Every structure is written in C-alpha cells, then in structure tokens.
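J.: This is the structure I have questions about; it appears just below.
The values are calculated or read from the model by the stated rules, or taken from the named source; none is laboratory data. The structure presented is a predicted model; accordingly, all values stated were derived computationally and were not measured. With ideal geometry, Cβ positions are generated from the backbone for all residues, glycine too; neighbour counts draw on all protein chains shown.
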Amino acid sequence: LKKVLEVYEARLTKFKYLAGDYLSLADLNHVSTTLCLGATPHASLFDAYPHVKAWWTDLLAKPSVQKVAA
C-alpha cells in the first residue's frame, strides 16, 4: 500500500488529479476502496502523503462522492 501511495504522491505533486488536471474515472475508481481504507487503522497512512491527502479531501467534498459515502 505504501508503494502505491508513493506513486500517487509523485503523480499528485504534478497534477490535481490522477490522470491530469481534471477529475476522471481514474479518480472515481478509487472512491469505494479509499472509503473502506478510511474505516481501518491504516487510514493514518494518508498523513505521510500530503498530496494524496489533499486529493482525497477534494474528492470527499464533491456532492457525488458524498452520496456514495452516505
């Protein structure tokens, strides 16, 4: 998991979203998995990856993602 987060962190230092500067399926594909991860003790892993954490916070603020999370 840390290896994947390192790759995402590197990508998100250059772009707002995983596939570039616009929200895409690449980001939305991670919503359900990341929501589940957030409910585990491993959720604190995001703290070590500020760009990943900002990306996830941005996604969580979107009404469509909030509906999925409800």
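J.: Do we have any residue at all in the range 11-19 that's in contact (Cβ under 8 Å) with a residue 40 or more places away in the chain and of a type in the set (A, V, I, L, M, F, W, C)?
T.: Checked the range 11-19: at least one residue is in contact (Cβ under 8 Å) with a residue 40 or more places away in the chain and of a type in the set (A, V, I, L, M, F, W, C).
J.: Against the definition (hydroxyl-bearing (Ser, Thr, Tyr) and loosely packed, with under 11 Cβ neighbours inside 10 Å), how does Ser44 come out, yes or no?
T.: In short, yes.
J.: Among the residues of the range 2-25, is any modelled with pLDDT under 95 and either of a type in the set (S, T, N, Q) or touching a His at 6+ places or on another chain (Cβ under 9 Å) (or both)?
T.: Within the range 2-25 (the criterion being modelled with pLDDT under 95 and either of a type in the set (S, T, N, Q) or touching a His at 6+ places or on another chain (Cβ under 9 Å) (or both)), the answer is no, since none of the residues qualifies.
J.: Using beta carbons and a limit of 8 Å, which pairs, at least six apart or on different chains, have the first residue in the range 52-70 and more than 16 Å from Leu37 (Cβ to Cβ) and the second one exposed (fewer than 11 other Cβ atoms within 10 Å of the Cβ)?
T.: none
J.: Can you find a residue in the range 32-51 that is of a type in the set (D, E, K, R) and either in contact (Cβ under 8 Å) with a residue 12 or more places away in the chain or touching a Pro at 6+ places or on another chain (Cβ under 7 Å) (or both)?
T.: Checking the range 32-51: not a single residue is of a type in the set (D, E, K, R) and either in contact (Cβ under 8 Å) with a residue 12 or more places away in the chain or touching a Pro at 6+ places or on another chain (Cβ under 7 Å) (or both).
J.: Please determine, by comparing only the residues of the range 48-70 that are under 12 Å from the mean Cα position of the chain (by Cα) and exposed (fewer than 14 other Cβ atoms within 10 Å of the Cβ), which one is nearest to Glu6 (Cα to Cα).
T.: Among residues in the range 48-70 that are under 12 Å from the mean Cα position of the chain (by Cα) and exposed (fewer than 14 other Cβ atoms within 10 Å of the Cβ), the one nearest to Glu6 (Cα to Cα) is Pro50.
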